[in-house]
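Note sheet for the following structure.
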Ligand code: BJW
């Protein structure tokens, strides 16, 4: 049963657990970048899926049907990244590495903000919005050659259009990355899940794998999710406010 109250006591409990933890894994989702100004997917008013259908924009079928629309949507999101910076939550997660022997961030986000904030060990489950490969053969693109503002996807030397290097619905996650994430879930003593709705698999199953394997599971989110009842501690609130409090206690 989770403690569904945002109280200093639970933040203190979290800091105490982290002080004695050896291996810590953090699974993050779109919510941790919201305070940087990047919309989440499923927020009813401001989420990306409030205005667009995931089938049209985040599936291989959608890309085949309308490559220009998909290209332009990702182009505008990539452009937005030039204007944003990591927030206090990203920086605090990066700082946590100074206090625990082993820390890995497993992220569903494609925005690169964990790395920008200084996190060294980052597993990108859903790829990166700044990488490209061709649709047909997966030939990687030299990112420097991909300009902003193109209305159609540029073509690979093999003639196939380039697509963003992200994972769409119905596609497999990068096998090596997923396998590392699953091993971490099985071996972490503290597993923290922050800013995800917990409905997209296989990422959403990782906290359950961790719990089953004996980890203490801690969730950070302003809203309860399907993970909340399984979490040992539920820190209810925004990532950018909760994480700095945890780090503050670790420093004191
Ligand atoms: C805050 C906050 C603040 C707000 N601080 N928090 C098992 C069961 C059922 C279905 C499946 C299954 N296995 C596979 C599937 C199918 C499918 C799936 O999961 N569908 C579900 C929707 C039902 N999964 C797949 O297709 C995956 N592939 C796969 O499994 O391959 C094998 C396979 C293939 C075919 C059949 C079966 C197996 C691939 C999934 C790829 C997801 N891709 C996207 C797009 C990436 C590129 C892009 O950016 O455009 O990834 S979709 C989108 O959802 C994106 C995200 O990474 C992902 C998760 O979203 P996230 O991060 O949780 O965001 P939100 O918006 O949902 O939630 C935000 C949260 O933040 C909320 O909780 C807020 O409260 C909170 N929040 N402010 C902290 N300040």
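Among 67, 207, 226, the largest mean-square fluctuation in a Gaussian network model of the chain (Cα springs under 10 Å) belongs to 226. Counted by neighbouring Cβ atoms within 10 Å, the residues 28, 40, 130 run from fewest to most as 130, 40, 28. For residue 182 and residue 52, the difference between the fully extended length at 0.36 nm per residue and the C-alpha to C-alpha distance is 43.7 nm.
How do 186-193, 15-22 rank on mean C-beta neighbours within 10 Å, highest first? Please report the intermediate quantities before stating the final value.
Numbers: 186-193: 23.8, 15-22: 15.1.
The peptides rank, most packed first, as 186-193, 15-22.
In this label model, residue 76 and residue 45 are separated by 2.0 nm, measuring between points 7 Å along each Cα→Cβ vector. Which of 24, 166, 209 ends up with the largest GNM mean-square fluctuation for the chain, with Cα atoms connected below 10 Å? Of the options given, 209 has the highest mean-square fluctuation.
A simple spin-label model places pseudo-atoms 7 Å from Cα toward Cβ; at residue 102 and residue 213 they are separated by 0.9 nm. The long axis of helix 67-81 is offset from the longest Cα principal axis of the chain by roughly 40 degrees. Springs join every pair of Cα atoms under 10 Å in this Gaussian network model of the chain, and among 195, 37, 29 the largest mean-square fluctuation is at 37. Round to the nearest 10 and give me the degree value, 0 to 90, for the angle of helix 8-20's Cα axis relative to the longest principal axis of the chain. Long axis of 8-20 versus the principal axis of the chain: about 80 degrees.
How much of the DSSP bridge set in the range 1-158 is antiparallel, in percent, rounded to the nearest 5? Write down the numbers at each step before the final one.
Details: 1 of 10 bridges.
Roughly 10 percent of the beta bridges in the range 1-158 run antiparallel, per DSSP.
By the helix-only formula, in which each DSSP H run with n ≥ 4 contributes -39500 (n - 2.57) and the sum is divided by residues, the chain has a 222 nm mean residue ellipticity of -10000 deg cm²/dmol. Extension gain for the segment residue 249 to residue 116, taken as residue separation times 0.36 nm less the Cα-Cα distance, is 45.5 nm to one decimal. Here each label is just a point 7 Å from Cα along the line to Cβ, and for residue 8 and residue 151 those points are 5.9 nm apart. Note: relative contact order over the chain, using C-alpha pairs below 8 Å and six or more positions apart, is 28 percent. Note on 111, 68: ascending count of other Cβ atoms within 10 Å places them as 68, 111, the fewest first. Between the Cα long axis of helix 175-187 and the first principal axis of the chain there is an angle of about 10°, rounded to the nearest 10. The range 121-148 to the range 9-79: how many Å between their Cα centroids? For the range 121-148 versus the range 9-79, the Cα centre distance is 17 Å.
Since every read-out is calculated from the coordinates, none of them should be taken as a lab result. Given the structure is predicted, the values throughout are model-derived calculations rather than measurements. Glycine also receives a Cβ, built like all others from the backbone with ideal geometry; neighbour counts cover every protein chain displayed.
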